[in-house]
Amino acid sequence: MILTTHMLAGAAIGKNIENPWLVAALSIIIHFILDTFRHGEYLNQNSKLKEFWRVAIDLAVGYSIIMFIVFSSDFSDIKIKNILIGSFASIFPDLLTFLYWKVNFKFLQFYINFHQKFHRYPPFSKEREWNLRNAANDILVSVIAVILLLI
């Protein structure tokens, strides 16, 4: 899944749950659940650091959508805080993956093995290429999350 999809799902959780600790926990869990769906990925462990502009765009799009919804709605401060907690916690597993890949934090090896088990398809397989067919689940989940944020 792209980061925007994870962020929107976490934000939807944050909007609808009061307890920030539960928001964080459920957002991390939903990250792993979403990773079980077929989805394309635009980076992998062999990606060069100069390719990470894609991550910046992905984060900017996700947070722009979330901030547009937050500022155009009448959410309480607690709800806004939980939306932000959910959106961050939902991408935290991928932040750990980045730290392992690019900073070489070996102590994260156990976590990387755990995270990889949620991806049904192996890295570099056709099922993980970045294309419209593999992005269909991202689109569907993102639309549902936006609807949940709006209603």
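Each reported figure results from applying straightforward, stated rules to the coordinates on display, with no laboratory input. Since this is a predicted model, take the numbers as computed values, not measurements. Quick reminder, even Gly has a Cβ in these numbers, built from the backbone with ideal geometry, and neighbours come from all protein chains shown.
For the chain, the residue among N16, F68, I28 whose Cα projects farthest onto the positive side of the dipole built from Cβ charges is I28. Neighbour counting of Cβ atoms within 10 Å sorts the residues W21, W130, W101, fewest neighbours leading, into W21, W130, W101. Helical runs (DSSP H, four residues minimum) scored at -39500 (n - 2.57) apiece and divided by the length of the chain put the mean residue ellipticity at 222 nm at -21500 deg cm²/dmol. Listed values for region 50-55 are Karplus-derived 3J(HN,Hα) couplings in whole Hz (6.51 cos²θ - 1.76 cosθ + 1.60, θ = phi - 60°), namely 5, 7, 7, 4, 5, 5, and x replaces Gly and Pro. Bridging of K50 to lysines at a Cα separation below 20 Å is possible for K102, once same-chain residues fewer than 8 apart are set aside. Shown for R133, R54: other C-beta atoms within 10 Å of each C-beta, ranked fewest to most, produce the order R133, R54. Exposure proxy shown here: for D138, D77, the number of other Cβ atoms within 10 Å sets the order, fewest to most, as D77, D138.
The packing ranking, built from the mean of other Cβ atoms within 10 Å per residue, places the peptides 106-112, 10-16 in the order 10-16, 106-112, highest first.
Only lysines eight or more places from K81 in sequence, or on another chain, were considered; those with a Cα closer than 22 Å are K15. Distance from the C-alpha centroid of region 10-43 to that of region 77-131: 11 Å, rounded to the whole angstrom. For region 3-150, the alpha carbon convex hull comes to 107 Å³ per residue, rounded to a whole number.
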